[in-house]
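All remarks here apply to the structure that follows.
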Amino acid sequence: MKLQRPIGTYDLIPEETALWAALESRVRAMFHAYHYGEIRTPIFEYTELFARGVGESSDIVSKEMYTFLDRGERSLTLRPEGTAGVVRAYIENGLAQKTPGAVKLWYFAPMFRYERKQKGRYRQHVQYGCEVFGSDGPDIDLEILLMLHQFYTSLGLTELNLKLNSVGTPECRPAYREKLVAYVTPFVDELCEDCRRRLEVNPMRMFDCKNETCQRILHEAPKLIDHLDDDSRGHFERLREGLDEYGVPYQIDPHLVRGLDYYTKTAFEMSYAPLGSQGVLMGGGRYDGLVSQLGGPETPGIGFGAGMERLILILNETGKTIQTGDALDLFLVCMGDRANRKSNEILLNLRADKICCERDFTGKSMRKQFQAADKLGARFVLMLGDDEIDRKKLVLKNLKDGTQAEFDWTPDLSQLKSAIRDNGV
Ligand code: HAM
């Protein structure tokens, strides 16, 4: 059998990793500016955490988890999403006591879901996201949406569609649920099998269904947003006022319920419409009951998760380029044995100053070394042979415009370094 990567996974080769690293550092800088601390939790957790946290009726738990027994017969699951593990870690590490005010955490981590392979959908994908504990909002809801708007705008993504909804509180849902069930029940025979199950277990989940008949039936269904309690309605109105005040465009989508069971009040998703369902860049919302449900004290929470692969897909689709910062500054062309031995004296010095350098290790002729430098996209070539060593001079050639200049070979190589930095010879 030919060895291949598992279905729904991908390799990142260096030119792709460079873009990932550049984006990861933008994500890191964003979270730093908003004063989030980074959290790293295990890639696997006890299965029960997701069953209780994400919810048995969600597609993620019922169909998509990678669950296995370890050698001690414990059921473990590769994390399908970030929130449940972060909530567990927040409780287990007593973070509420260690931090004054709201606890703001961010992550950049792989997630695993057994999903159908599709463009932009993987069985291992990476999410950058955050979770905030201890603030019942809506100021923090607003700050998160402002942060995301600022971030995507800074990447040149202005055509994004922010969808917003309120899914209310557990207090206002039973009355709404009754209305929804009463409306849908006459159509039960037309519903897909999943929705018939959802109608029994968690009727609001039906709004997630992609089946056209189900969507048509639900189109006219009563909307939770019209049945909110005063608290949820006030929260939602204040959030909307904030978004309006700061010029963040959004659309209210009363059918946005999100695929996870823990949400309360604010729910949101941002997408790049031309890509349809693969264009969903991020999703999140408030989960005021989750910490207590997982064994902690009553604590409000809110967060989002955003797919890295989706971000890259959308950047590619929209033709946006991101500076990756992995360019090769200099290729040292060595001519002869003496030069070869001397080369480390120069390379160590330049590299200590974070100048990215390369040389040949395969015995290439001088002409071939120049070709390699060109192919690797080096900005400069530094030539080193007997003549340079005897005269204590270094010759730097700019490969972009062909100009060249000679520098004194001083112990600190200061003139040479300035020329490389200032991009001039
Ligand atoms: P989610 O909507 O399931 O939310 O996933 C968040 C984002 O991850 C999606 O919007 C999408 O960009 C990306 N994503 C999800 N599944 C895949 C996949 N199979 N392949 C590629 N990308 C994918 C959550 O996971 C929640 N934990 C978000 C959250 C955090 N809510 C509150 N806090």
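The values are calculated or read from the model by the stated rules, or taken from the named source; none is laboratory data. Keep in mind the model is a prediction, meaning the values are calculated, not measured. So basically every Cβ, Gly included, is an ideal-geometry build from the backbone, and we count neighbours across all protein chains shown. Ligands, DNA and RNA are stripped out before the accessible areas are found, and what is left, the full protein with its side chains, is counted by its heavy atoms. Shrake-Rupley method; radii C 1.70, N 1.55, O 1.52, S 1.80 Å.
Which residue pairs have Cβ atoms under 6 Å apart, sit 6 or more places apart or on different chains, and have a first residue in segment 48-60 that is outside the structural domain of residue 303 (by TED's automatic domain parsing) and farther than 17 Å from residue 114 by Cβ and a second that is in a loop (DSSP other than H, G, I, E, B) and open to solvent by less than 50 Å² (accessible area, probe 1.4 Å)?
From residues that are outside the structural domain of residue 303 (by TED's automatic domain parsing) and farther than 17 Å from residue 114 by Cβ, there are no pairs.
Looking at segment 222-234, can you tell me whether even one residue there is in the same structural domain as residue 286 (by TED's automatic domain parsing), under 32 Å from the mean Cα position of the chain (by Cα), of a type outside the set (S, T, N, Q) and surrounded by fewer than 13 Cβ atoms within 10 Å (Cβ to Cβ)?
Within segment 222-234 (the criterion being in the same structural domain as residue 286 (by TED's automatic domain parsing), under 32 Å from the mean Cα position of the chain (by Cα), of a type outside the set (S, T, N, Q) and surrounded by fewer than 13 Cβ atoms within 10 Å (Cβ to Cβ)), the answer is yes, since at least one residue qualifies.
Are any residues in segment 300-313 touching a strand residue (DSSP E or B) at 6+ places or on another chain (Cβ under 8 Å) and more than 9 Å from the ligand (Cβ to nearest atom), and if so, which ones?
Step one: list which residues in segment 300-313 are touching a strand residue (DSSP E or B) at 6+ places or on another chain (Cβ under 8 Å), which gives 300-311.
Matches in segment 300-313: 300 only.
Say whether the condition of being open to solvent by 20 Å² or more (accessible area, probe 1.4 Å) and within 18 Å of residue 131 (Cβ to Cβ) is met by at least one residue in segment 4-27. Walk me through it before giving the result.
Let us first name the residues in segment 4-27 that are open to solvent by 20 Å² or more (accessible area, probe 1.4 Å), namely 4-7, 9-17, 19-21, 24-26.
Still in the list and also within 18 Å of residue 131 (Cβ to Cβ): none.
Among the residues of segment 4-27, not one is open to solvent by 20 Å² or more (accessible area, probe 1.4 Å) and within 18 Å of residue 131 (Cβ to Cβ), which makes the answer no.
Go through 198, 205, 216 for me and flag whichever is of a type in the set (D, E, K, R), farther than 30 Å from residue 135 by Cβ and open to solvent by less than 30 Å² (accessible area, probe 1.4 Å). Let's see the steps before the verdict.
Values: 205 fails: farther than 30 Å from residue 135 by Cβ; 216 fails: open to solvent by less than 30 Å² (accessible area, probe 1.4 Å).
Being of a type in the set (D, E, K, R), farther than 30 Å from residue 135 by Cβ and open to solvent by less than 30 Å² (accessible area, probe 1.4 Å) holds for just one of 198, 205, 216, which is 198.
Pick from segment 188-219 the residues that are of a type in the set (S, T, N, Q) and part of a helix (DSSP H, G or I): which of them is modelled with the highest pLDDT?
Among them, the one singled out is 213.
Looking at segment 232-250, which of its residues are in contact (Cβ under 8 Å) with a residue 40 or more places away in the chain and of a type outside the set (Gly, Ala, Ser)? Spell out how you get there, then give the answer.
Of all residues in segment 232-250, those in contact (Cβ under 8 Å) with a residue 40 or more places away in the chain come to 232-233, 235-236, 238-240, 242-243, 246, 248-250.
The answer is 233, 235, 236, 238, 239, 240, 243, 246, 248, 249, 250.
Here are some conditions: (1) outside any loop (DSSP other than H, G, I, E, B); (2) open to solvent by 50 Å² or more (accessible area, probe 1.4 Å); (3) closer than 19 Å to residue 148 by Cα. Residue 338 meets all but one. Which one does it not meet?
(3)
Only one of 54, 132, 87 is within 13 Å of the ligand (Cβ to nearest atom), touching a helix residue (DSSP H, G or I) at 6+ places or on another chain (Cβ under 9 Å), over 25 Å from residue 312 (Cβ atoms) and modelled with pLDDT under 95. Can you tell me which? Break it down stepwise before answering.
Working: 132 fails: modelled with pLDDT under 95; 87 fails: modelled with pLDDT under 95.
Only one candidate passes the filter, namely 54.
Condition check ((1) closer than 16 Å to residue 329 by Cβ; (2) surrounded by 14 or more Cβ atoms within 10 Å (Cβ to Cβ)) across all residues:
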position	(1), (2)
375	yes, no
379	yes, yes
382	yes, yes
387	no, no
390	no, no
397	yes, yes
401	yes, no
419	yes, yes
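Going by what's in this entry, would residue 316 be described as exposed (fewer than 14 other Cβ atoms within 10 Å of the Cβ) and within 16 Å of the ligand (Cβ to nearest atom)? Quick ask: steps written out before the conclusion?
Working: exposed (fewer than 14 other Cβ atoms within 10 Å of the Cβ): yes; within 16 Å of the ligand (Cβ to nearest atom): yes.
It is true that residue 316 is exposed (fewer than 14 other Cβ atoms within 10 Å of the Cβ) and within 16 Å of the ligand (Cβ to nearest atom).
Return the pair list, or none, for Cβ contacts closer than 6 Å from residues in segment 253-281 that are at positive phi to residues that are open to solvent by less than 20 Å² (accessible area, probe 1.4 Å) and outside any strand (DSSP E or B), at least 6 apart or on different chains.
Pairs found: 265/232; 265/235.
Tell me, yes or no, whether segment 88-104 has at least one residue that is within 25 Å of residue 265 (Cα to Cα), part of a strand (DSSP E or B) and not basic (Lys, Arg).
Checked against the condition, which is being within 25 Å of residue 265 (Cα to Cα), part of a strand (DSSP E or B) and not basic (Lys, Arg), segment 88-104 yields at least one hit.
Restricting to segment 97-123, name every residue that is more than 8 Å from the ligand (Cβ to nearest atom) and more than 22 Å from residue 300 (Cβ to Cβ).
108, 109, 110, 112, 114, 116, 117, 118, 119
Of everything in segment 144-174 that's under 20 Å from residue 264 (Cα atoms) and open to solvent by 60 Å² or more (accessible area, probe 1.4 Å), which residue is nearest to the chain's Cα centre (by Cα)?
170
Look at segment 122-143 and say how many of its residues are assigned to a loop (DSSP other than H, G, I, E, B) and either open to solvent by 10 Å² or more (accessible area, probe 1.4 Å) or not assigned by TED's automatic domain parsing to the domain that holds residue 254 (or both).
Step one: list which residues in segment 122-143 are assigned to a loop (DSSP other than H, G, I, E, B), which gives 122-123, 134-138.
Now restrict to residues that are either open to solvent by 10 Å² or more (accessible area, probe 1.4 Å) or not assigned by TED's automatic domain parsing to the domain that holds residue 254 (or both): 122-123, 134-137.
Number satisfying all stated conditions: 6.
If I ask for residues that are within 13 Å of the ligand (Cβ to nearest atom), in a loop (DSSP other than H, G, I, E, B) and open to solvent by 10 Å² or more (accessible area, probe 1.4 Å), which ones from segment 57-75 would you list? Give the steps one after another, and end with the answer.
Going through segment 57-75, the residues within 13 Å of the ligand (Cβ to nearest atom) turn out to be 58-61, 63-66.
Among the residues that remain, those that are also in a loop (DSSP other than H, G, I, E, B) are: 58, 64-66.
Across segment 57-75, the qualifying residues are 64, 65, 66.
Out of all the residues in segment 76-93, which are open to solvent by less than 10 Å² (accessible area, probe 1.4 Å) and among the aromatic types (Phe, Trp, Tyr)?
none
Checking the condition within 15 Å of the ligand (Cβ to nearest atom) and assigned to a loop (DSSP other than H, G, I, E, B), which residue from 157, 164, 148 passes? Walk me through how you get there before you give the answer.
Numbers: 164 fails: assigned to a loop (DSSP other than H, G, I, E, B); 148 fails: assigned to a loop (DSSP other than H, G, I, E, B).
The unique qualifying residue is 157.
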